[in-house]
Amino acid sequence: MPVRPIGRFGSARLFWASVAGLVLINSAVLAQPARTPTDPTGEWLVAKQVARIKIADCDGRLWGVVAWEAQPGGMDKKNPDPNLRSRPTLGMPILLGMTPSKTNRWDGQIYNSEDGHTYSANISLVDPNTLRVQGCFLGFLCGGENWTRFESPDVTASTQRTPAKSSANRKTAAVLPGPGEDVCSKTPASTGFSHERGLK
């Protein structure tokens, strides 16, 4: 069977059909939501997986408190203020007054209960589920780590499926914060942090 040439009008139709297809593909790509990270609020698992930090926006400043500990019962033993060395680390502020400094970066301070020092720090999102936390002592000796976004599982369902096997598991489950945990009530306006006397 001989192949008939497309002809002048057939090739024009084929060309415009191709252009229309490309326009539709490009429109679909542009209509997809942007995947740029913009919001660091929520709960984050620290790099060593020993704690989760809950971050909230408190009147334009980001604050983060310890929302869960792998080893419950921690105390702020190295705090420079002797009066605060017996306070529990659960619920303690870690990220202090972070303010936006440029796109996807917030600057402020971070408190390290392991050494009792407060460092200048910044946070930024590597992607929607990875938070980069960096701190510097005296403007240098900088270090950082990545935190992973934590999505709270259905506690009731997981408790029914997986009963606690030891008293340690029950103790850890007992310190999980309720959904009404209020990060902003733990900011300096309500508590006053003398552990901030470290690095300014």
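The values are calculated or read from the model by the stated rules, or taken from the named source; none is laboratory data. Computed from a prediction, not measured in an experiment: that's the story for all the values here. Every residue, glycine as well, gets a Cβ built from its backbone with ideal geometry; the counts of neighbours run over all protein chains shown.
The table for this structure:
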read-out: Single residue of Pro100, Pro93 found to be in contact with a helix residue (DSSP H, G or I) (Cβ under 6 Å, 6 or more places away or on another chain) and either within 24 Å of Asp182 (Cα to Cα) or surrounded by 16 or more Cβ atoms within 10 Å (Cβ to Cβ) (or both); value: Pro93
read-out: Tally of residues being within 18 Å of Gly42 (Cβ to Cβ) and in contact with a Ser or Thr (Cβ under 7 Å, 6 or more places away or on another chain) across region 73-91; value: 0
read-out: Output for region 83-105, where each listed residue is of a type in the set (Ser, Thr, Tyr) and part of a strand (DSSP E or B); value: Thr99, Ser101
read-out: Test for Gly108: is it within 20 Å of Ser185 (Cα to Cα), more than 14 Å from the chain's Cα centre (by Cα) and in a strand (DSSP E or B); value: yes
read-out: Condition met for Thr41 (out of contact with any helix residue (DSSP H, G or I) (no Cβ under 7 Å at 6 or more places or on another chain), under 30 Å from Ser124 (Cβ atoms), at pLDDT below 90 and surrounded by 10 or more Cβ atoms within 10 Å (Cβ to Cβ)); value: no
read-out: Number of the condition not met by Val133 [criteria: (1) without any contact (Cβ under 8 Å) to a residue 12 or more places away in the chain; (2) among the β-branched types (Val, Ile, Thr); (3) in contact with an Asp or Glu (Cβ under 9 Å, 6 or more places away or on another chain)]; value: (1)
read-out: Region 135-156 - residue that is part of a loop (DSSP other than H, G, I, E, B) and surrounded by 10 or more Cβ atoms within 10 Å (Cβ to Cβ) and, of those, modelled with the highest pLDDT; value: Phe150
read-out: Options Ala67, Ala121, Ala56, Ala47: the member that is more than 20 Å from Ser185 (Cα to Cα), buried (at least 16 other Cβ atoms within 10 Å of the Cβ) and either touching a His at 6+ places or on another chain (Cβ under 7 Å) or of a type in the set (A, V, I, L, M, F, W, C) (or both); value: Ala121
read-out: So Ile55, is it in contact with a Phe, Trp or Tyr (Cβ under 6 Å, 6 or more places away or on another chain), closer than 15 Å to Thr38 by Cα and in contact (Cβ under 8 Å) with a residue 24 or more places away in the chain; value: no
